[in-house]
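J.: I'd like to ask you about the structure that follows.
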Amino acid sequence: MKVRRLIAACATLLVWSAVACASDVPTFSPDIPANFIKVTPEADYVRREVMIPMRDGVRLFTVIVMRKGTAHGPMLLTRTPYNARKTTERNSSQTITEILPISDAVFVNDGYIRIYQDIRGRDHSEGDYVMTRPLRGPLNPTTTDHATDAYDTIDWLVKNVPESNGRVAITGSSYPGFTSLMALIDPHPALKAAVPMSPMVDGWVGDDWFHNGAFRQGGDDYFPSQTGQTGDGSGVAMGLRDYYAEFLTAGSAGDYARKYGLDHLPFVTKLMEHPSYDAWWQGQAVDKLLAIRGLKVPTMLVVGQWDQEDSYGAPAVYRALEPKAHDLISLVIGPWRHSGVNYDGTSLGPLKFKGDTALEFRRDVMKPFLDTYLKDNAPQSHTPRVLTYATGIDRWQESDSWPRGKQTPLYLSADFHLSFTKPMGGADAHDDYVSDPAKPVPFVPRPVHINDRGVWGPWLVSDQRFVADRPDVLTYSSEPLTASVHIAGQPVAELYAATSGTDSDFVVKLIDVYPEEMSDQPALAGYQLAIGMEIFRGRYVDGFDKPRALKPGKPEHYRIPLPAVNHTFLPGHRLMVQVQSTWFPLYDRNPQNFVPNIFNARPTDYKKATQQVYRSNALPTAVILPVVAD
């Protein structure tokens, strides 16, 4: 028995000795190697990860993806704070169209080299992250910004990607739309075209952080996820609580930030220290920067008609640049939510379109535009100066200018009617409502979950019937239309209103009311579809950089531009306008009592106020519609 045990032990020792001799890896060692490259023997693509050096020595993580066998390929670059590695590993696959976003398919299927880069300080890139890093100068004392980083990146790419033809375009949506615009300031000679989509342009006037002075509390989830760490993060730990109740209980927007520790994030502190449109905000406005520098690169600006985050930016850049860069700039407005151009475009909320409008744009408009400037021997494409999707009649329309329509006032009238005829009422004709900050009007039905994509994405097309009968919402409507009313441009609310308080917000909504009976589209029967909605903080009536207290009872004239639209109100539909003073919790509550900084408003500062909306011959509140004579 002892002999057998000895023989078995020796055999085991010999086996382990053979294993040890067969490998250079010690028996006990770390199991994560310094560098592991996945083997993809059947892959139809080449994927490289590189660190590209910038002029200050900081290296930016960059992923380069192309089909195998690519030669003389044009390069399409996106600079993002949203993780280039994850973006280019959408699925664990050996097929290029599976690992990349669906919006890339039309490009990589035709020889484009797709490139994604983490901006400095985010995810796998080196350096310090600054939210929407300002251009080097008064607000940025360093030698680098997104313009220089784009230049240095492109310079490296044309020298180090042998499969390319040395030509580059830049694109991206939202924050990557902002970085696309910044690349146009002092552009690299190899940058031949740009397609900024839903770009962040002016965070105070009308994009992510404020709208006309009213703070957008929806960003409070974004701040910790974006600036709490260098990589992917999470929002405020609220679980499934109703945002409406949570924000209301917290108090001011500043109180909410302090409750959840957001005031320890430098960017949140900067926001709260700059509640008005001061030099800090104005110096970051990309439309102003580009207007000063001028445009040198063919650029196609893209935005969604119902963009719930950055509806302001693209039209603002177009307005700033078109007069002097007429032949270099074009504008596209599609029937999309924020960044919807890069996804399925067959529907938005209850609205169903005749085709995949997003794919139609990428395939039939964007790619031919880029081909013209990037591909070898490409035929000259037809690029519409302005391309908009006409909602209501469901078709793309081209035009040579924007806005297209004739300015036509739609007046508020007696008995809550709307009319194209100016009211004849006396100077004091007005309608009243009481706005109570303790019971604000919700922006979507409760419970409110802003971080729910099913709520947040399509909220701008949500049915407004849920607030139409509230006593703190004035609702005006026309008779059913006997002929179509086609608008193409930017509606503007000319609001004459007074308040019993010393500050106030005003929200104006332009709405298409569907017929009560629609057997072909029962989900839309009686639907109150918002065509354009916007808010204005009253203290800025004299100018965004000139806040002042309002005089109780004194009518003021508020000019409130609504988002750009191309829409047809069909026969049988009605026009509707709603006016209210709270839009919660997306926008912070106005105390309706002037305080120097609303972020620091105390509970006792919040007061009820009686609001008066005028509809007289002398003070004719109206929404100016850009009506097209079809």
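The values are calculated or read from the model by the stated rules, or taken from the named source; none is laboratory data. Note that the structure is a prediction, hence the values are computed from the model and not measured. We place every Cβ from the backbone using ideal geometry, glycine too, and count neighbours over all the protein chains shown.
J.: If you take the residues of the stretch 93-110 that are assigned to a helix (DSSP H, G or I) and more than 21 Å from the chain's Cα centre (by Cα), which of them is nearest to Thr227 (Cα to Cα)?
T.: Taking the stretch 93-110 as the starting set, the residues that turn out to be assigned to a helix (DSSP H, G or I) are 96-99, 102-108.
Checking the rest, the ones that are also more than 21 Å from the chain's Cα centre (by Cα) come to 96-99, 105-108.
Details: Ile96: 31, Thr97: 31, Glu98: 30, Ile99: 27, Ala105: 31, Val106: 33, Phe107: 32, Val108: 32 Å.
Of everything passing the filter in the stretch 93-110, Ile99 is nearest to Thr227 (Cα to Cα).
J.: Answer yes or no: is there a residue in the stretch 327-344 that is hydroxyl-bearing (Ser, Thr, Tyr) and on the phi > 0 side of the Ramachandran plot.
T.: Among the residues of the stretch 327-344, at least one is hydroxyl-bearing (Ser, Thr, Tyr) and on the phi > 0 side of the Ramachandran plot, which makes the answer yes.
J.: Working carefully through the options Ala257, Ala250, Ala190, Ala245, find the one that is of a type in the set (Gly, Ala, Ser), in contact with a Gly (Cβ under 7 Å, 6 or more places away or on another chain) and farther than 21 Å from Val286 by Cβ. Break it down into steps so the answer makes sense when it comes.
T.: Details: Ala257 fails: in contact with a Gly (Cβ under 7 Å, 6 or more places away or on another chain); Ala250 fails: in contact with a Gly (Cβ under 7 Å, 6 or more places away or on another chain); Ala245 fails: in contact with a Gly (Cβ under 7 Å, 6 or more places away or on another chain).
Residue meeting the stated conditions: Ala190.
J.: Select, from Ala378, Ala358, Ala390, the only residue that is within 23 Å of Gly532 (Cβ to Cβ) and touching an Asp or Glu at 6+ places or on another chain (Cβ under 7 Å). Explain how you work it out, then say what you get.
T.: On the way: Ala378 fails: within 23 Å of Gly532 (Cβ to Cβ); Ala390 fails: touching an Asp or Glu at 6+ places or on another chain (Cβ under 7 Å).
Selected residue: Ala358, the only one of Ala378, Ala358, Ala390 that is within 23 Å of Gly532 (Cβ to Cβ) and touching an Asp or Glu at 6+ places or on another chain (Cβ under 7 Å).
J.: If you don't mind, another one. Which of the helices (runs of 4 or more DSSP H) found entirely inside the stretch 241-302 contain at least 3 residues meeting this: within 16 Å of Thr227 (Cβ to Cβ)? Outline the logic, then answer.
T.: On the way: elements: 243-250, 253-259, 266-273, 279-282, 286-293.
Those helices (runs of 4 or more DSSP H) span 266-273.
J.: Oh, and also: Which residue out of Thr299, Thr383 is farther than 18 Å from Tyr175 by Cβ and polar (S, T, N, Q)? Step through it out loud before you land on a result.
T.: Details: Thr299 fails: farther than 18 Å from Tyr175 by Cβ.
Result of the check over Thr299, Thr383: Thr383.
J.: I'd like to verify a number: residues in the stretch 471-509 that are polar (S, T, N, Q) and either buried (at least 23 other Cβ atoms within 10 Å of the Cβ) or free of Cβ contacts under 8 Å to residues at least 40 places away in the same chain (or both), how many? Spell out the reasoning first.
T.: Narrowing the stretch 471-509 to residues polar (S, T, N, Q): 475, 477-478, 482, 484, 490, 499-500, 502, 504.
Retained after the next criterion (residues that are either buried (at least 23 other Cβ atoms within 10 Å of the Cβ) or free of Cβ contacts under 8 Å to residues at least 40 places away in the same chain (or both)): 499, 504.
Looking only at that region, the number is 2.
J.: Oh, and also: Go through the stretch 427-446 and report how many residues are out of contact with any strand residue (DSSP E or B) (no Cβ under 7 Å at 6 or more places or on another chain) and either buried (at least 20 other Cβ atoms within 10 Å of the Cβ) or at pLDDT 95 or above (or both). Spell out the reasoning first.
T.: Of the stretch 427-446, the ones out of contact with any strand residue (DSSP E or B) (no Cβ under 7 Å at 6 or more places or on another chain) are 427-428, 436-439, 444-446.
In the following step, the residues that additionally are either buried (at least 20 other Cβ atoms within 10 Å of the Cβ) or at pLDDT 95 or above (or both) were identified as 436-439, 444-446.
Selection size over the stretch 427-446: 7.
J.: If I filter the stretch 296-308 down to residues being of a type outside the set (A, V, I, L, M, F, W, C) and surrounded by fewer than 24 Cβ atoms within 10 Å (Cβ to Cβ), which single residue comes out as nearest to the chain's Cα centre (by Cα)? If you could, list the steps in order and put the result at the bottom.
T.: Initial filter on the stretch 296-308 (of a type outside the set (A, V, I, L, M, F, W, C)): 296, 298-299, 304-305, 307-308.
Those left that are additionally surrounded by fewer than 24 Cβ atoms within 10 Å (Cβ to Cβ): 296, 298, 308.
Values: Lys296: 25, Pro298: 22, Gln308: 6 Å.
For the stretch 296-308, the residue satisfying everything is Gln308.
J.: I would also like to ask the following. Where the second residue is hydrophobic (A, V, I, L, M, F, W, C) and the first is on the phi > 0 side of the Ramachandran plot and lies in the stretch 373-398, which pairs have Cβ atoms under 8 Å and are six or more apart or on separate chains?
T.: Between residues of the stretch 373-398 that are on the phi > 0 side of the Ramachandran plot and residues that are hydrophobic (A, V, I, L, M, F, W, C), the close pairs are Gly392/Phe569; Gly392/Leu570; Asp394/Phe353.
J.: Looking only at the stretch 52-81, how many residues end up being over 16 Å from Lys375 (Cα atoms), part of a loop (DSSP other than H, G, I, E, B) and among the hydroxyl-bearing types (Ser, Thr, Tyr)?
T.: 0
J.: Take Glu49 and tell me if it is farther than 21 Å from Gly166 by Cα and either in a loop (DSSP other than H, G, I, E, B) or more than 24 Å from the chain's Cα centre (by Cα) (or both). Reasoning before the result, please.
T.: Details: farther than 21 Å from Gly166 by Cα: no; either in a loop (DSSP other than H, G, I, E, B) or more than 24 Å from the chain's Cα centre (by Cα) (or both): yes.
The answer is no for Glu49.
J.: While we're looking at this one, here's another question. Restricting to the stretch 63-106, name every residue that is of a type outside the set (S, T, N, Q), under 21 Å from Glu42 (Cα atoms) and surrounded by 19 or more Cβ atoms within 10 Å (Cβ to Cβ).
T.: Val63, Ile64, Val65, Met66, Arg67, Ile96, Ile99, Leu100, Asp104
J.: If we keep just the residues of the stretch 528-573 that are of a type in the set (Gly, Ala, Ser) and farther than 18 Å from Leu418 by Cα, which is nearest to the chain's Cα centre (by Cα)? Outline the logic, then answer.
T.: Here is the first cut: in the stretch 528-573, the ones of a type in the set (Gly, Ala, Ser) are 530, 532, 538, 543, 549, 553, 564, 572.
Checking which are farther than 18 Å from Leu418 by Cα leaves us with 538, 543, 549, 553, 564.
Numbers: Gly538: 24, Gly543: 25, Ala549: 31, Gly553: 37, Ala564: 14 Å.
Among residues in the stretch 528-573 that are of a type in the set (Gly, Ala, Ser) and farther than 18 Å from Leu418 by Cα, the one nearest to the chain's Cα centre (by Cα) is Ala564.
J.: Out of curiosity, is Thr582 out of contact with any helix residue (DSSP H, G or I) (no Cβ under 6 Å at 6 or more places or on another chain) and not in a strand (DSSP E or B)? If you could, list the steps in order and put the result at the bottom.
T.: On the way: out of contact with any helix residue (DSSP H, G or I) (no Cβ under 6 Å at 6 or more places or on another chain): yes; not in a strand (DSSP E or B): yes.
So Thr582 fits the description; yes.
J.: Kindly establish whether Gly233 is assigned to a loop (DSSP other than H, G, I, E, B), under 21 Å from the mean Cα position of the chain (by Cα), without any contact (Cβ under 8 Å) to a residue 60 or more places away in the chain and not assigned by TED's automatic domain parsing to the domain that holds Ser330. Give the derivation first.
T.: Numbers: assigned to a loop (DSSP other than H, G, I, E, B): yes; under 21 Å from the mean Cα position of the chain (by Cα): yes; without any contact (Cβ under 8 Å) to a residue 60 or more places away in the chain: yes; not assigned by TED's automatic domain parsing to the domain that holds Ser330: yes.
When the stated conditions are applied, Gly233 passes them.
J.: Out of everything in the stretch 125-150 that is out of contact with any Leu (no Cβ under 7 Å at 6 or more places or on another chain) and closer than 17 Å to Leu77 by Cα, what residue ends up being surrounded by the fewest Cβ atoms within 10 Å (Cβ to Cβ)?
T.: Thr148
J.: Looking at the stretch 580-606 only, could you name the residues that are within 23 Å of His557 (Cβ to Cβ) and surrounded by fewer than 22 Cβ atoms within 10 Å (Cβ to Cβ)?
T.: In the first step, residues of the stretch 580-606 are kept if they are within 23 Å of His557 (Cβ to Cβ); the result is 580-583, 587, 590-594, 598.
Once the filter is applied, which keeps residues that are within 23 Å of His557 (Cβ to Cβ) and surrounded by fewer than 22 Cβ atoms within 10 Å (Cβ to Cβ), the stretch 580-606 yields Asn593, Phe594.
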